[in-house]
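Chemist: My structure is below; once you've seen it, I'll send some questions.
The values are calculated or read from the model by the stated rules, or taken from the named source; none is laboratory data. On a predicted model such as this, the values are computed, not experimentally measured, just so you know. Heads up, the Cβs are rebuilt from the backbone with ideal geometry, glycines too, and the neighbour counts pull from every protein chain shown.
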Amino acid sequence: MVEGRSRRKLTRVGLRLGLNRTDLRLATILLAAVLIAFAPWAWTRIAGGRTEATAFVVKVHTTGQSLRLDPAVDGRFAVTGPLGPTVVEVAGGRARILESPCAEPSWHGGWVSRPGQRSVCAPNRVVLEVVGEAGAEGLDAETH
Amino acid sequence: MTARRKTLILGAVTGLIVLAALALITGVGREVTASSSEFIFGTYVKVTVTGRGAAAAAERAIQRMKEIDRLFDPGEAGSDIARLSAAAGLPGDVTVSSDTLALLAKANEAYRLSGGAFDPTVGPLVSLWGFGPQDPAVAGTPADTQRTEPPDAAAIQAARALVGWSGVRWDDARSTAALLRPGMALNSGGLGKGYAIDEAAAVLRGAGVKRAVIDAGGELYLLGEKPGGQVWRIGVRHPRQNGHLGVLELGPDVAVATSGDYQRFFDYEGRRFHHLIDPATGWPATGCRSVTVVARTSVEADYLSTALFVLGPEEGLRLAETLPGVQAVFVNAQGGLVVTSGLKDIFVPTEGGEGGG
C-alpha cells in the first residue's frame, strides 16, 4: 500500500532525527490540534476575503432608523427625521438628498458615489453615507 | 536529547502556535477602531479613534465639542455668544467662560493677520443675506427665510455700520467681554468649530490616543500617523462637480478646512450669492470658488480658509506664503487652480480636475 509505505518512510526519517514512535504520535496529535485551531481563522479569510460591496446607508440620527440602498437599483427612498420626510434619490450608481424639510437644499452638497463620501441634512438629522472598500483612491476623509 | 525534553520542546512549540492562532481569531493585539458621531455646530461631526480605549476617548472628544457648542451657539439663549449679542451697546460687561475668552483671542489674531478680511462681527451682514446661523431641530427657532435675491443697497450699508472689530472689548483678568454698539453681533462661524476641533484633539491626546480623525462637516484634524508611516490621503471636493479636485497627501497632526461658494448660496439672474461676505463691501466675496487650507491647528485652518477666500487668490496666496505651517489650494473665480509653493509635492490634482465646469 502506498499510504503505508510513505508512513513507514516518515517514521524512518523521524527515527533518524532521534524521535521515537511516541514522539511522532504526539507530534501528529499536536499538528492536528494546530490545524483545528487555525481552521476558523482560515475560514474567515476565505469567506470574508471578498471586498465589501459599495452601498448607500441613510440614517436618521435621532431615531436610528436606517436604510441600506444598492447603487445598482435606481429609485427614490424616504426616511423620517424630526422635521419630516427626507427623500434620497439613487440614479446611475450615485445618490443624493433630493428633498428634505430644511431651508437650504444647497447645504446637502449634491451627489455622492465613492466610499467615504457623505451628504447631510443637519436640520432633519439625516446622514447619507457611502460605505464600502476605499478602492483605488484609498481616501481617509474628504474636505468640503 | 532525552525523550522527556523532546516532548517538552514539541509541546512548547505547538502551544505557541495554538496561542498565535487564538490571537488571530480573537483579535488580541489587533488595533481597535471606534467612532462617535453627533450633530454639533449645525453639522455632522464624527470622531474616529484607533487604539486602546478608542470608544471612550471618541465619546469624550464629542462631549467636549458639545460643551463648546453650548457656549458659542448664537441660537441658544444662555450661550456666551447669544448673551454678548443681546447685551450689545448696554452698560455693563458680560461674564464669559475661559473658552469664549480664548475664542476672542483667536478672533483677534485672525482679524489682525487677515487685515480685517476675517471679521467675527460680520454677523449682521451674514444674517441680512439670509445665511445667519440656524438649526431649527436644536434651537427650536424658525429657519431663516431663504433669500432669492440680494438685499437692497441701503440695507447692506446699514448692516455694514454694525460691523467692526474695534467695537469688541474683553478682559481676561475679569473674565468679561462686551460688544460696544447696539445691534452688533458676534459670529463664531469660521472660528468656533475649529477651536472645538482643537479642544477635542487635546482631549484625545490627554487620553493617550495616538491616531484619530476628527471630521466636523468636512473640516478635519488628523491626529498622529497612519500605520507604517503612510500619509493621510484627503480628497478635496470639487466646487462644481461630483468628485474631487485632487488629493492632499499629509503627514501627522495637521488640520484641513475648506470654504466654498457652494456650501450655502442662492442664484439670482445668473449670478451666485453665497455666505462668505466680504466685511469691506458687504457683498459676497467674488475672487474664489473654494479655498482649502492645511495648517497646524484647526482654528487656524478654519479662519484662514474664510480669510483667504475673502482676500481672493492673489492677495490670499501672498498671505498664505508668509505663514509658517500653512498651505492652501485656491480655485479662482474662473475655475483655475492656484496652490502655495509647499503644496506642489503633496497635492495631487485629479485628472481633468481643474475647478471649472
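Chemist: I need the full set of residues from segment B:265-305 which are within 14 Å of another protein chain (Cβ to nearest Cβ) and of a type in the set (S, T, N, Q), in order please.
Modeler: Hits for segment B:265-305 are B:S290, B:T292, B:S298, B:S305.
Chemist: With segment B:286-357 as the region, which strands (runs of 3 or more DSSP E) entirely inside it contain at least 3 residues that are buried (at least 24 other Cβ atoms within 10 Å of the Cβ)?
Modeler: B:288-295, B:327-332
Chemist: Within segment B:170-204, can you find the residues that are buried (at least 24 other Cβ atoms within 10 Å of the Cβ) and hydroxyl-bearing (S, T, Y)?
Modeler: B:S188, B:Y195
Chemist: For the structure I just gave you, tell me whether B:D261 is over 24 Å from B:Y44 (Cα atoms) and buried (at least 20 other Cβ atoms within 10 Å of the Cβ).
Modeler: no
Chemist: Which of the residues that make up segment B:161-196 are closer than 22 Å to B:S305 by Cα and out of contact with any strand residue (DSSP E or B) (no Cβ under 8 Å at 6 or more places or on another chain)?
Modeler: B:V163, B:G164, B:W165, B:N187, B:S188, B:G189, B:L191, B:G192, B:Y195
Chemist: Let me ask something else. Scan A:R125, A:R94, A:R118 and give me the residue that is surrounded by 17 or more Cβ atoms within 10 Å (Cβ to Cβ) and touching a helix residue (DSSP H, G or I) at 6+ places or on another chain (Cβ under 7 Å).
Modeler: The unique qualifying residue is A:R125.
Chemist: May I ask you to list the residues in segment B:285-308 that are among the small types (G, A, S), closer than 9 Å to B:S259 by Cα and under 12 Å from the mean Cα position of the chain (by Cα)?
Modeler: Listed by number, the list holds a single entry, B:S305.
Chemist: While we're on this one: For segment B:211-231, give me the residue count where each residue is modelled with pLDDT of 95 or more and either out of contact with any Ser or Thr (no Cβ under 7 Å at 6 or more places or on another chain) or facing chain A (nearest Cβ under 9 Å) (or both).
Modeler: 8
Chemist: Still on this structure, I have one more. Among the listed residues B:G246, B:G235, B:G325, B:G312, identify the single one that is more than 24 Å from B:I68 (Cβ to Cβ) and more than 14 Å from every other protein chain (Cβ to nearest Cβ).
Modeler: Exactly one residue qualifies, and that residue is B:G312.
Chemist: If I go through segment B:81-120 residue by residue, how many of them are in contact with a Gly (Cβ under 9 Å, 6 or more places away or on another chain) and either under 26 Å from A:P123 (Cβ atoms) or without any contact (Cβ under 8 Å) to a residue 24 or more places away in the chain (or both)?
Modeler: 5
Chemist: Identify the residue in segment B:152-183 that is free of Cβ contacts under 8 Å to residues at least 60 places away in the same chain and of a type outside the set (A, V, I, L, M, F, W, C) and, among all such residues, is farthest from B:R83 (Cα to Cα).
Modeler: Only one residue fits best here, namely B:D152.
Chemist: Additional query: Of all residues in segment B:26-40 being modelled with pLDDT of 90 or more and among the hydrophobic types (A, V, I, L, M, F, W, C), which is surrounded by the fewest Cβ atoms within 10 Å (Cβ to Cβ)?
Modeler: B:A34
Chemist: Ok, one more. Which residue out of B:G75, B:G53 is more than 14 Å from chain A (Cβ to nearest Cβ) and either surrounded by fewer than 21 Cβ atoms within 10 Å (Cβ to Cβ) or under 30 Å from A:I36 (Cβ atoms) (or both)?
Modeler: From the options B:G75, B:G53, the qualifying one is B:G53.
Chemist: Okay, moving on. For segment A:78-128, which residues satisfy the criterion of being outside any strand (DSSP E or B), within 22 Å of the chain's Cα centre (by Cα) and facing chain B (nearest Cβ under 9 Å)?
Modeler: Passing the criteria: A:S113, A:R114, A:G116, A:Q117.
Chemist: Specify the residue that is nearest to A:H108 (Cα to Cα); the eligible residues are those in segment B:223-244 that are hydrophobic (A, V, I, L, M, F, W, C) and under 18 Å from the mean Cα position of the chain (by Cα).
Modeler: In this case the residue turns out to be B:V236.
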